[in-house]
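The values are calculated or read from the model by the stated rules, or taken from the named source; none is laboratory data. Computed from a predicted structure; not experimentally measured. Methodologically, a virtual Cβ is constructed for each residue, glycine included, from the backbone with ideal geometry; neighbour enumeration extends over all protein chains shown.
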Amino acid sequence: MINLTIDGKKIEVEDGKTILQAAAKNDIRIPTLCYHPVLEPYAACRICVVEVGLRGKTDLLTACNTKAQEGMEVQTRSKRALGARRMNVEMLLARAPAAEPIQKLAKELGIEKTRFAVKDPNEKCILCGLCVRACEQIVGASAISFVERGTERKVTPPFGEPSEACIGCTACAYFCPTGAITYEDKYGRKVIHEELHLGPTTAIRVPIRQAVPMVPFIDTDACIHFKTGECKVCAKVCDREAVNYDAQDEVIEVEAGTIILASGFKSFDAKRIPAYGYGRFPNVISALDFERLVNASGPTGGKIKLADGSEPTAVGIVHCVGSRDENYNEYCSRVCCMYALKFAHLIHEKAHADVYNFYIDLRCFGKGYEEFYHRLLKEGTKFIRGRVSDISDMALTKHEEGKLIIRVEDTLLGMVRRIPVDMVILATGLEPGLDQNQLAKIFNISCSQDTFFLERHPKLAPMSTFSDGIFLAGTCQAPRDIPDTVAQAGGAAAEALALADKGTFALEPVTAEINKDLCSGCQVCVGLCPFTAIVYEKDEGHSEINDALCKGCGTCVAACPSGAAQQKHFRDAQIFAEIEGIFLV
Amino acid sequence: MSNAKPKVAFYWCASCGGCEESIVDLAEDILKVVAAVDIVFWPVALDFKKKDVEAMPDGSIAVSFINGAIRLSEQEEMVKMLRRKSGLVVAHGSCAHMGGIPGLGNFWNKETIFRRAYHTTPSTDNPDKVVPLEKTVYDGKELTLPSFFDTVYSLDQVIDVDYYLPGCAPPRDLILNAVTAILEGKLPPKGSVLSPNKSECDTCDRNKTKPEKLSIKEIKRTWEIILDPEKCFLAQGVICMGPATRDGCGHRCINGNMPCRGCFGPTDQVYDQGAKFLSALASILDTNDEKEMDRIVQSIVDPAGTFYRFSLPKSLLGRKRMETIK
């Protein structure tokens with residue numbers, strides 16, 4: 001351990017620490033610009049200059065890269081140190097007059113105007129080299145570097161052209177203390193409401209505030225470490241050493257007698273309807289974007305704001321985006337009307353804006369829902385019946401300038417209207433989850449035509465499937481709201497318990513069978529069986545049906561081109577006899 | 001010729017002549033047949049007349065091999081006579097068995113076929129609009145032609161048939177087996193098709209190349225792709241009737257790298273070869289989307305001619321309804 005004094009305060013630090021680290025640990029602020037804890041110190045800006053006395057001599061040294069030594073007497077705000085710092089800042093102010101941190105520092109140090117010649121009043125770069133070091137030390141790309149000398153010195157990729165070494169991580173912009181490096185959203189990265197940072201922020205993050213478990217994960221597609229093998233900043237700053245880059249997805253095997261599938265839905269991707277401009281206009285947002293925006297723990301603390309940070313004065317809510325539309329999904333997503341009404345209510349409450357709801361018809365079917373709709377009517381929400389044709393920023397009148405214009409056929413007025421608003425919320429529908437067909441195959445269940453899981457019977461067995469012991473809950477079966485999901489999940493749990501309690505179940509007698517003397521082993525049936533009950537016996541050259549798995553759906557019987565597969569109780573001969581019987585009557 | 005040898009007759013109806021060829025194709029083996037039997041009627045090869053057969057006592061011919069479908073009154077008359085004169089009648093080849101290629105005429109009728117054949121084909125030059133008539137007077141003499149039916153029939157739709165020799169044309173080993181069985185009296189139950197009752201995949205070398213799940217995204221015609229000489233045709237997206245077609249043909253088409261066209265007809269347990277294969281094919285289309293399914297199905301050129309190429313008269317369809325033919 002090393003003992004030194006900073007501003008007269010006795011301090012003990014570990015060997016090898018710098019003066020800056022020693023000061024920071026004891027809450028003594030030394031201003032820095034080119035310093036960053038995860039990068040090697042560079043001492044370029046010389047703002048951290050301090051007066052150091054050691055063995056009778058005093059000298060001006062940069063705190064960021066000077067190691068603390070036994071007996072050092074450091075003064076961070078001595079006349080000499082401040083003088084030097086002031087001079088350095090004044091010179092930086094001449095170099096980069098537009099850089100806000102420099103202006104702020106200058107103000108703090110009492111500098112009103114630089115005495116030196118200003119080359120470019122818009123310059124922001126202070127040549128601190130953070131970007132260059134980040135690109136080299138963290139990203140490992142070394143895509144940018146200093147070029148030229150003296151007043152011509154600047155940071156640039158090789159030959160001033162876009163570099164192939166650049167991986168587009170924007171770390172340079174992140175490390176830049178003065179905002180001299182900016183970037184555009186053109187690397188396939190989804191950044192909506194850029195100023196409010198509604199999109200994914202960092203490669204390591206907690207997915208949402210309500211996440212369970214409440215731990216961060218690394219997005220390997222975005223993480224620099226997984227691109228270049230470098231960086232590891234998160235591991236460097238984690239005291240608990242909890243960051244593990246080698247962690248892999250684990251397959252956990254659980255033996256279960258009954259299974260409840262609750263694999264959920266995915267939200268309709270509004271980009272699929274280009275006319276609505278989602279992804280093109282920052283103020284056209286999806287329902288989930290709005291949920292995040294209006295969330296008290298969200299990026300704006302629950303305030304409804306536009307991309308530029310201002311409050312909207314008019315908001316349009318477009319219903320049935322991706323639902324009840326032959327081009328996308330024909331079904332009604334059931335939840336959108338009510339959440340769209342909730343949005344309207346929240347906007348009234350929080351932003352005092354005019355709210356327009358564009359609907360086909362309002363489906364307020366649940367308990368208390370109709371009453372809620374009437375409340376919205378009283379609150380002054382404007383309801384326009386008609387499907388929105390497009391959303392654009394092309395103003396035809398002065399009144400529309402700077403607005404988003406919603407074009408809609410008002411079917412009650414019988415005319416096409418143009419409604420200028422500041423923000424559009426797309427009430428996106430619910431779609432089946434990503435791997436619905438794959439899951440169905442794994443669990444030997446079927447999907448209905450819209451690829452939601454198929455229940456055994458829409459009225460009498462809504463949470464059962466055609467596979468005994470496998471039950472459904474929630475939106476994996478069909479779009480539904482929370483109360484319905486809770487009810488169905490309760491029912492599914494009860495069904496599962498009843499089965500588990502009994503321990504046995506009865507098989508269906510009407511199954512299919514394959515006559516192996518007639519089966520040629522063409523295997524047409526094998527892949528068709530929704531219950532994977534058919535196995536092709538390669539050595540024997542014919543297929544066989546497992547009676548325990550067969551549910552008697554008859555798919556294989558219809559498909560069998562040689563008539564070797566027959567359904568018990570529904571053999572071809574029986575069916576023909578039935579038909580003949582009908583004609584006899 | 002000795003009277004002790006069994007008498008055999010061959011006759012052709014609406015056919016291409018290929019089945020006659022199939023008998024000639026027995027090559028030197030035909031000598032064994034000739035040695036064992038007495039051929040009493042074979043219009044394509046031997047100069048016997050109708051009156052010769054008429055003169056024979058009923059049932060005196062041991063077996064008649066009749067090929068071709070029944071499309072004319074003359075054919076009906078001849079096969080009815082042969083039935084009377086024969087102990088056994090074997091439907092020889094796909095046309096006698098199921099109606100065959102001529103059976104596709106059942107999508108039309110006499111009027112439309114005549115209109116096409118004698119008036120509207122691009123190569124027709126018939127300014128006087130002459131069509132064959134059943135009775136014509138020429139030089140004061142009346143000439144007659146057999147009448148042309150609206151519908152083509154398989155042999156067993158006109159007369160009682162004892163056995164069927166499938167194929168277009170039946171392969172020589174099946175013919176020899178049949179002849180041998182008849183000569184030796186080792187006959188299967190009446191009405192049998194003299195060929196194995198499994199479908200072709202059973203003995204097809206390509207069956208082992210089938211993927212785990214047979215599924216078709218695109219249907220290709222044989223000229224649209226370069227056919228893999230070893231891979232299952234269905235796995236290549238090419239319609240192969242093999243799974244719905246009786247085995248026994250010796251895979252002549254498949255060995256020639258052409259998919260099965262279904263000439264052997266369905267297995268015993270299938271009523272309608274075309275419908276059964278259509279059902280199988282529809283089952284393996286790799287989509288759940290109705291529009292996509294429609295697109296794939298629309299890409300099948302001439303589905304009726306593809307699935308019912310040999311079996312229309314004998315199928316559940318039988319023919320197109322007369323009132324819908326224009």
*Test result for B:Leu155, closer than 22 Å to B:Met81 by Cα, aliphatic (A, V, I, L, M) and free of Cβ contacts under 8 Å to residues at least 24 places away in the same chain*: no
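Considering only segment A:334-343, I want to know if a residue exists there that is outside any loop (DSSP other than H, G, I, E, B), more than 23 Å from A:Phe265 (Cα to Cα) and modelled with pLDDT of 95 or more. Outline the logic, then answer.
Step one: of segment A:334-343, the residues outside any loop (DSSP other than H, G, I, E, B) are A:336-343.
Now drop any that are not more than 23 Å from A:Phe265 (Cα to Cα), which leaves none.
No, segment A:334-343 contains no residue that is outside any loop (DSSP other than H, G, I, E, B), more than 23 Å from A:Phe265 (Cα to Cα) and modelled with pLDDT of 95 or more.
Quickly run through segment B:45-63 and pick out the residues that are of a type outside the set (Gly, Ala, Ser), assigned to a loop (DSSP other than H, G, I, E, B) and touching a strand residue (DSSP E or B) at 6+ places or on another chain (Cβ under 8 Å). Reasoning before the result, please.
First, the residues of segment B:45-63 that are of a type outside the set (Gly, Ala, Ser): B:46-54, B:56-58, B:61, B:63.
With the extra rule that they be assigned to a loop (DSSP other than H, G, I, E, B), the set shrinks to B:46-49, B:56-58.
Passing the criteria: B:Leu46, B:Phe48, B:Met56.
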*Counting only residues that are farther than 19 Å from B:Asn106 by Cβ and within 11 Å of another protein chain (Cβ to nearest Cβ), give me the helices (runs of 4 or more DSSP H) lying completely in segment B:241-326 with at least 2 of them.*
B:273-283, B:290-298
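Mind listing whichever residues of segment B:218-240 are touching a residue at least 40 places away in the same chain (Cβ under 8 Å) and within 14 Å of chain A (Cβ to nearest Cβ)?
Correct list: B:Leu234, B:Ile239.
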*Within segment B:286-296, is there a residue that is buried (at least 20 other Cβ atoms within 10 Å of the Cβ), touching a helix residue (DSSP H, G or I) at 6+ places or on another chain (Cβ under 9 Å) and of a type in the set (S, T, N, Q)?*
no
*Do we find a residue being touching a Leu at 6+ places or on another chain (Cβ under 8 Å) and over 30 Å from B:Leu317 (Cβ atoms) anywhere in segment B:108-128?*
no
*Residues of segment A:233-278 satisfying the condition of being basic (Lys, Arg) and either closer than 30 Å to A:Ala487 by Cβ or without any contact (Cβ under 8 Å) to a residue 40 or more places away in the chain (or both)*: A:Arg240, A:Lys266, A:Lys271
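Checking the conditions here, which among A:Arg387, A:Arg334, A:Arg363 is without any contact (Cβ under 8 Å) to a residue 60 or more places away in the chain and assigned by TED's automatic domain parsing to the domain that holds A:Arg280?
A:Arg363
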*Looking at (1) assigned to a helix (DSSP H, G or I); (2) surrounded by fewer than 17 Cβ atoms within 10 Å (Cβ to Cβ); (3) over 25 Å from the mean Cα position of the chain (by Cα), can you tell me which one B:Ala181 breaks?*
(3)
_Being within 21 Å of the chain's Cα centre (by Cα) and without any contact (Cβ under 8 Å) to a residue 12 or more places away in the chain is the filter here; which residues of segment B:274-313 pass it?_
B:Asp302
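For A:Val13, state whether it is surrounded by 20 or more Cβ atoms within 10 Å (Cβ to Cβ), of a type in the set (A, V, I, L, M) and closer than 18 Å to A:Glu108 by Cα. Please lay out each step first, then the result.
Working: surrounded by 20 or more Cβ atoms within 10 Å (Cβ to Cβ): yes; of a type in the set (A, V, I, L, M): yes; closer than 18 Å to A:Glu108 by Cα: no.
Spelling it out, it is not the case that A:Val13 is surrounded by 20 or more Cβ atoms within 10 Å (Cβ to Cβ), of a type in the set (A, V, I, L, M) and closer than 18 Å to A:Glu108 by Cα.
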*Odd one out for B:Lys231 among (1) crowded, with 23+ Cβ neighbours inside 10 Å; (2) in a loop (DSSP other than H, G, I, E, B); (3) not β-branched (Val, Ile, Thr)*: (1)
*B:Asn207 passes all but one of (1) part of a helix (DSSP H, G or I); (2) away from chain A (no Cβ under 14 Å); (3) not hydroxyl-bearing (Ser, Thr, Tyr); which number fails?*
(2)
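Residues checked against (1) away from chain B (no Cβ under 14 Å); (2) in contact with a Leu (Cβ under 6 Å, 6 or more places away or on another chain); (3) of a type in the set (Phe, Trp, Tyr); (4) free of Cβ contacts under 8 Å to residues at least 40 places away in the same chain:
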| site | (1), (2), (3), (4) |
| --- | --- |
| A:Glu379 | yes, no, no, yes |
| A:Glu401 | yes, no, no, yes |
| A:Ile405 | yes, no, no, yes |
| A:Asp410 | yes, no, no, yes |
| A:Arg418 | yes, no, no, yes |
| A:Asn437 | no, no, no, yes |
| A:Asn444 | yes, no, no, no |
| A:Pro458 | yes, no, no, yes |
